[in-house]
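Student: I'd like to ask you about the structure that follows.
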Amino acid sequence: MTKEIQSEKKIIANNPKARHDYTILDTMECGIVLVGTEVKSIRNKNVNIKDSYVQIKESELYIINMHISPYEEGSFSNVSPTRTRKLLANKREISKLWNMCKQKGVTLVPLSIYFSKNLVKVEIAIAKGKKLYDKRQNIAKKDAERRIEQATKKRA
């Protein structure tokens, strides 16, 4: 990704649980269908994607369990915080995701929500679940790297 594109992203929410529990195979950017008060609430960073996941239904992508808190100044126009929301992607991309998700242990998870040119985008990933020993290995590796970094700082 070029520096120009990265600078245009204004990240609103991340899903650190996804990178801990899954091995990321591939990522993709999608638009999302929202109502006006949801966009305002997202601008205020009142969104949580920690327990959400993406599902393919009738050749369309949907994000399930994403929590967007109701907009405080909205009234009748507020909708259910955890409603199912449609993601916008090309049919070719959806068919690619469908073919990859047929494999055992592969799922679709959202990684982050961000604004790109005033549009709300969701970065989704094709991910494979990690086993418990894989998670332990990653934690041990990060811990070892931290110790090495601390030791080099003390010498300098």
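Each reported figure results from applying straightforward, stated rules to the coordinates on display, with no laboratory input. In this text, all values refer to a predicted model and were calculated from it rather than measured experimentally. Cβ: placed from backbone, ideal geometry, glycine included. Neighbour counts: every protein chain shown.
Student: With an 8 Å Cα cut-off and a minimum separation of 6 or more residues, compute the relative contact order for the stretch 42-97 in percent. Don't skip to the answer; put the middle values down first.
Tutor: On the way: 75 pairs, mean separation 18.0, N = 56.
Computed value for the stretch 42-97: 32 percent relative contact order.
Student: Let me ask you something else. With labels modelled as points extended 7 Å from the Cα through the Cβ direction, what inter-label distance (nm, one decimal) is found for residue 93 paired with residue 154?
Tutor: Each label point lies 7 Å from its Cα, and together they span 4.9 nm.
Student: For the chain, build the charge dipole from Cβ charges (+1 Lys, Arg; -1 Asp, Glu) around the Cα centre, then report which of 41, 54, 18 sits farthest towards its positive end.
Tutor: After comparing all options, I get 18.
Student: Then there's this: Which pairs, out of 57/141; 57/142; 17/102; 40/135; 40/86; 45/131, put more than 27 Å between their alpha-carbon atoms?
Tutor: 57/141; 57/142; 40/135; 45/131
Student: Right, something else. When the helices in the chain are scored as -39500 (n - 2.57) per DSSP H run of 4 or longer and the sum is shared across all residues, what 222 nm value do you end up with, to the nearest 500 deg cm²/dmol?
Tutor: Details: 5 runs with 55 residues, N = 156.
Mean residue ellipticity at 222 nm (helix-derived): -10500 deg cm²/dmol.
Student: Please report, ordered by residue number, every helix of the chain (full DSSP H runs) that is 20 Å or longer along its axis going by C-alpha atoms and whose mean Kyte-Doolittle hydropathy reaches 1.0. All intermediate terms of the calculation are to be shown ahead of the outcome.
Tutor: Numbers: long enough: 132-155 (35 Å, -1.91).
None pass (Cα extent of 20 Å or more, hydropathy at least 1.0).
Student: Of the chymotrypsin sites (Phe, Trp or Tyr not before Pro) in the stretch 48-153, which ones lie in a loop per DSSP and count no more than 10 other C-beta atoms within 10 Å? Could you put the intermediate results ahead of the total?
Tutor: On the way: sites: 53, 62, 71, 76, 98, 114, 115, 133; in loops: 71, 76.
In loop regions of the stretch 48-153 (DSSP not H, G, I, E or B), the sparsely surrounded chymotrypsin sites (Phe, Trp or Tyr not before Pro) are 76.
Student: For a Förster distance of 35 Å, can you work out the FRET efficiency between the beta-carbons of residue 136 and residue 76, rounded to the nearest 0.05? Don't skip to the end; give the middle numbers.
Tutor: Working: r = 50 Å, r/R0 = 1.43.
It comes out at approximately 0.10.
Student: Please name whichever of 94, 111, 138 sits farthest to the positive end of the charge dipole of the stretch 89-156, dipole taken about the Cα centre and charges placed at Cβ: Lys and Arg +1, Asp and Glu -1.
Tutor: 138
Student: For residue 84 and residue 101, compute 0.36 nm times the residue count separating them, minus their Cα-Cα distance, and round to one decimal in nm. Before the final figure, lay out the partial values.
Tutor: Values: separation 17, 0.36 × 17 = 6.12 nm, distance 1.97 nm.
Gain on stretching residue 84 to residue 101: 4.2 nm.
Student: Run the dipole for the chain about the Cα centre, Lys and Arg Cβ at +1, Asp and Glu Cβ at -1, nothing else charged, and hand back the magnitude in debye, nearest 20.
Tutor: Numbers: 32 positive and 17 negative charges, 158 e Å.
Computed charge dipole of the chain: roughly 760 debye.
Student: Let me ask you something else. Given the chain, report the % of alpha carbon pairs whose separation exceeds 18 Å. Could the numbers behind the result be given before it?
Tutor: Working: 7765 of 12090 pairs.
Tail of P(r) above 18 Å: 64 percent of Cα pairs.
Student: Please identify, among 138, 15, 44, the residue showing maximal mean-square fluctuation in a Gaussian network model of the chain using a 10 angstrom Cα cutoff.
Tutor: 138
Student: Over the chain, what is the relative contact order in whole percent, taking alpha-carbon pairs under 8 Å and six or more residues apart?
Tutor: 31
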